[in-house]
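Here's the structure we're looking at; comments come further down.
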Amino acid sequence: MPELTNSIKLGKDCELKIDGSVMKGVTSVTINCEADMIDVSTRDDYGYSKELPGKKKITVDVEAKRVEVGSGETDTQAPLYNAWKSRTPTGVSVKTAGGLLLVDGTFVVGSLEESQAFDDAVNLSVTLNSYGAPNDASGSGSGE
């Protein structure tokens, strides 16, 4: 098995925007693309399943450290809390430095969790669920 010598490291080059503003404190972003599977098998398939993709769903899982906001600064994490409280769809964009999945569309906050160990930073975990088709016509992803 060949070794991965030229692996792509996203790290600091991954950018998450919520309503057009870059979110601070992000430590991890995971993009999940799924599709419901539709069984289209017939008797002619000799008992083997034949499936085609149906409705698509994109989720973006975000891990972040809660950032203290100084005077005159904007809280870039507040739009997530507001979207959760008001159940309002919000604009989400994820740009990476080498990954092929790109996300730009409208999402809703499916879950929002804060946790902290004693004498440690507040951790924020958020799952964003797609709300309709993404803004790019391809659905998600780019091979360019």
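The values are calculated or read from the model by the stated rules, or taken from the named source; none is laboratory data. Quick caveat, the model's predicted, so the values are computed rather than measured. Neighbour counts are summed over all protein chains in view; Cβ atoms, including those assigned to glycine, are modelled from backbone coordinates with ideal geometry.
What the table below lists for this structure:
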read-out: Check on Gly98, small (Gly, Ala, Ser) and modelled with pLDDT under 80; value: yes
read-out: Number of positions in the range 66-117 that are part of a loop (DSSP other than H, G, I, E, B), acidic (Asp, Glu) and over 19 Å from Gly25 (Cβ atoms); value: 0
read-out: The range 101-122 - residue that is among the charged types (D, E, K, R) and at pLDDT below 90 and, of those, farthest from the chain's Cα centre (by Cα); value: Asp119
read-out: Check on Ser41, modelled with pLDDT of 90 or more, more than 13 Å from the chain's Cα centre (by Cα) and either in a strand (DSSP E or B) or over 22 Å from Asp104 (Cβ atoms) (or both); value: yes
read-out: Conditions (1) part of a strand (DSSP E or B); (2) of a type in the set (A, V, I, L, M, F, W, C); (3) at pLDDT 90 or above; (4) surrounded by 11 or more Cβ atoms within 10 Å (Cβ to Cβ); number of the one not met by Val29; value: (3)
read-out: Checking Ile8 against (1) surrounded by 12 or more Cβ atoms within 10 Å (Cβ to Cβ); (2) more than 30 Å from Asn82 (Cβ to Cβ); (3) at pLDDT 90 or above, the condition it does not meet; value: (3)
read-out: The range 105-131, subset in contact with a helix residue (DSSP H, G or I) (Cβ under 9 Å, 6 or more places away or on another chain) and among the β-branched types (Val, Ile, Thr), residue surrounded by the fewest Cβ atoms within 10 Å (Cβ to Cβ); value: Val108
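Residue by residue, here is whether (1) without any contact (Cβ under 8 Å) to a residue 60 or more places away in the chain; (2) touching a Phe, Trp or Tyr at 6+ places or on another chain (Cβ under 6 Å) holds:
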residue	(1), (2)
Pro79	no, no
Val94	no, no
Val103	no, no
Val108	yes, yes
Gln116	yes, no
Asp119	yes, no
